[in-house]
Amino acid sequence: MKRVLAIFPAGADDDRATRGLVGAACRLAQSLGGSFEALSLGSPTPGLMALLGPLADSLLTVELPEVGHDQPERTLTALTAVARSRQPAAILLGNETASQEMAPRLAHRLGGSAVGDAISLEVVDQQIRAQRSVYGGKAVATIGLRRLPAVVWLRARAFAPAD
């Protein structure tokens, strides 16, 4: 089964950007015929729990005192271990600075491919494709992510919430 793993930073709550990340993960998992798994870095907030409860197939939590924005290498090591054990087809991250920094490094460690600032995701012939703005927003590039896992950080508020 193909999994989509969405990673939520410590303190993530039920806001528009988080709802968009959840919506993108749900739709991508459905397109792949797989499951949506959420990973919270630190204890999930009540708002995040309420949002994910009816939508995520499972919720994982990484509870390490070293995990956080001030320790990116340790956070990355923990994410790599979780991703290797779960074997996701795609890993989705939000638009915060730590996610932007970790996405390409995580993809490299897992032997996957990465793209940043995605404004849409689709599955064509079982290949994940991401679109992002280029040339200052005057054009859109479509990027096929051939090596899995596809590690993508999403533009904030570019994705609709889950139905």
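Just one of the listed residues (Leu60, Leu76, Leu28) is aliphatic (A, V, I, L, M) and surrounded by 22 or more Cβ atoms within 10 Å (Cβ to Cβ), namely Leu28. Residues in the range 129-138 that are modelled with pLDDT of 95 or more and open to solvent by less than 40 Å² (accessible area, probe 1.4 Å): Ala130 only. Residue count for the range 114-125, restricted to those that are in contact (Cβ under 8 Å) with a residue 24 or more places away in the chain and either in contact with a Gly (Cβ under 6 Å, 6 or more places away or on another chain) or surrounded by fewer than 20 Cβ atoms within 10 Å (Cβ to Cβ) (or both): 6.
Condition test on Ser99, is it open to solvent by less than 10 Å² (accessible area, probe 1.4 Å), under 24 Å from Arg147 (Cα atoms), under 13 Å from the mean Cα position of the chain (by Cα) and polar (S, T, N, Q)? Let's see the steps before the verdict.
Numbers: open to solvent by less than 10 Å² (accessible area, probe 1.4 Å): yes; under 24 Å from Arg147 (Cα atoms): yes; under 13 Å from the mean Cα position of the chain (by Cα): yes; polar (S, T, N, Q): yes.
Yes.
Run Ile143 past the list (1) out of contact with any Pro (no Cβ under 6 Å at 6 or more places or on another chain); (2) of a type outside the set (Ser, Thr, Tyr); (3) not in a strand (DSSP E or B) and report the number of the one that doesn't hold. Tallying (1) out of contact with any Pro (no Cβ under 6 Å at 6 or more places or on another chain); (2) of a type outside the set (Ser, Thr, Tyr); (3) not in a strand (DSSP E or B), Ile143 fails exactly one: (3).
Residues that are at pLDDT below 95 and surrounded by fewer than 22 Cβ atoms within 10 Å (Cβ to Cβ): does the range 106-113 have at least one?
No - not one qualifying residue is present in the range 106-113.
What about Leu148, is it in a loop (DSSP other than H, G, I, E, B), under 28 Å from Leu51 (Cα atoms) and touching a Gly at 6+ places or on another chain (Cβ under 9 Å)? Steps first, answer last, please.
Working: in a loop (DSSP other than H, G, I, E, B): yes; under 28 Å from Leu51 (Cα atoms): yes; touching a Gly at 6+ places or on another chain (Cβ under 9 Å): yes.
Judged against the criteria, Leu148 is a match.
The values are calculated or read from the model by the stated rules, or taken from the named source; none is laboratory data. The structure presented is a predicted model; accordingly, all values stated were derived computationally and were not measured. Counting neighbours? That spans all protein chains shown, and the Cβs are built from the backbone with ideal geometry, glycine included. With ligands, DNA and RNA removed, areas are computed over all heavy atoms of the protein, side chains included. Shrake-Rupley method; radii C 1.70, N 1.55, O 1.52, S 1.80 Å.
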